[in-house]
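Down below is the structure, laid out as structure tokens.
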Amino acid sequence: MATDELTRLVAAVERHAPQDGVCDTAVPGLLLGRQLAPTDPIALVVDPSLCIVAQGAKEVFLAGEVYRYDPAHSLLVSIDLPISARVVEASPARPCLAVRVSLNLSMVGELLADCSDGPLRGPLARGLDVSPVEPQLLDAVARLVALLDSPQTVGPLAPLVLREITYRVLIGPQGARLRQIAAAGAPAHQIARAIRWLRDHVADPLRGESLARQARMSLSGFHQHFKAVTGLSPLQYQKRLRLQEARRLMMDEGLDAASAAFQVGYESPSQFSREYRRMFGTPPRRDVFALKVVAQTSG
């Protein structure tokens, strides 16, 4: 897929992501990634965002499903999701170059108010999917990254380009997936509010009846809608949040496994260790040691 838009995006990412890894930028919500080789799956929680690979290919794993995207396809995440992701095509000669643009759901709501579409119909869609990337969307993303060439333009122009990107997603093949999350009162919007509560209260006990009441649903309806959007039950979702937060606490704040487990809501260190190993493939101490070695080597 050799297009002018893609060529410009590759060049812009190469300029502003010169080293291996993921880097933040001066544009709010814009992350750039560069990988010189395929990677193992990395567990993370992704906010609503548009993900584009300018060169190479990546795979995302959620609830037993695999989503592959490359320069011809974009990945849309419409709700906070705990996923695993890996680079599958990359080399020193042709590194994997990726862009992630966070989507502001308040902006989505404002744009929805200006749209003439009728009410949403049909079953709830999973909050993540891959679709062919459209040239106009690719062009807008390339222009957003290119703003980094002139830092003085970021403040006045980045909000305008971000709004254009959001609008193009809304009117594109993934638009319904995004609209269902942002439409006030829609079931998916209520699930998004429940997910935000889970993220803000990661250590609190999960009380399904309370969350269902907040979402104005029956308990069975809440579970059904939650799994339709996330691919996970509320308990599975909370468990992944807790384990990933515990991993962050051990990596970034130097907590030992027992302290991290307690801080994210586990009462039993042995249960924490079992579930951690099941999710990440190795016990907490060994996993964190290996991650730190990799970080020191790549740094």
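The values are calculated or read from the model by the stated rules, or taken from the named source; none is laboratory data. Computed from a predicted model, the values in this text were never measured in an experiment. All Cβ positions, glycine included, derive from the backbone under ideal geometry; neighbour counts span all protein chains shown. Only protein heavy atoms, including side chains, enter the accessible area calculation; ligands, DNA and RNA are left aside. Shrake-Rupley method; radii C 1.70, N 1.55, O 1.52, S 1.80 Å.
Here are some notes:
- For the range 177-200, taking the residues that are open to solvent by 50 Å² or more (accessible area, probe 1.4 Å) and of a type in the set (A, V, I, L, M, F, W, C), the one that is farthest from Val108 (Cα to Cα) is identified as Trp197.
- Taken over the range 33-50, the criterion of being at pLDDT 90 or above, of a type in the set (D, E, K, R) and assigned to a loop (DSSP other than H, G, I, E, B) is satisfied by Asp47 alone.
- Of all residues in the range 12-28, those that are acidic (Asp, Glu) have Cβ atoms under 9 Å from Cβ atoms of residues that are in a loop (DSSP other than H, G, I, E, B), 6 or more apart or on another chain, in Glu14/Pro95; Asp20/Leu36; Asp20/Ala37; Asp20/Pro95.
- Filtered residues of the range 1-44 (kept if in contact with a Leu (Cβ under 9 Å, 6 or more places away or on another chain) and either over 27 Å from Leu160 (Cα atoms) or of a type in the set (Gly, Ala, Ser) (or both)): Ala12, Ala17, Asp20, Ala26, Gly29, Gly33, Gln35, Ala43
- Count - residues of the range 1-24 that are open to solvent by 30 Å² or more (accessible area, probe 1.4 Å) and not in a strand (DSSP E or B): 14
- Among the candidates Pro41, Pro82, Pro48, residue that is touching a residue at least 12 places away in the same chain (Cβ under 8 Å) and either closer than 29 Å to Pro151 by Cα or over 21 Å from the mean Cα position of the chain (by Cα) (or both): Pro48
- Looking across the range 121-162, just one residue is open to solvent by 50 Å² or more (accessible area, probe 1.4 Å) and in contact with a strand residue (DSSP E or B) (Cβ under 7 Å, 6 or more places away or on another chain), and that is Pro132.
- The set of residues in the range 204-215 that are surrounded by 13 or more Cβ atoms within 10 Å (Cβ to Cβ), at pLDDT 90 or above and in a loop (DSSP other than H, G, I, E, B) contains only Leu206.
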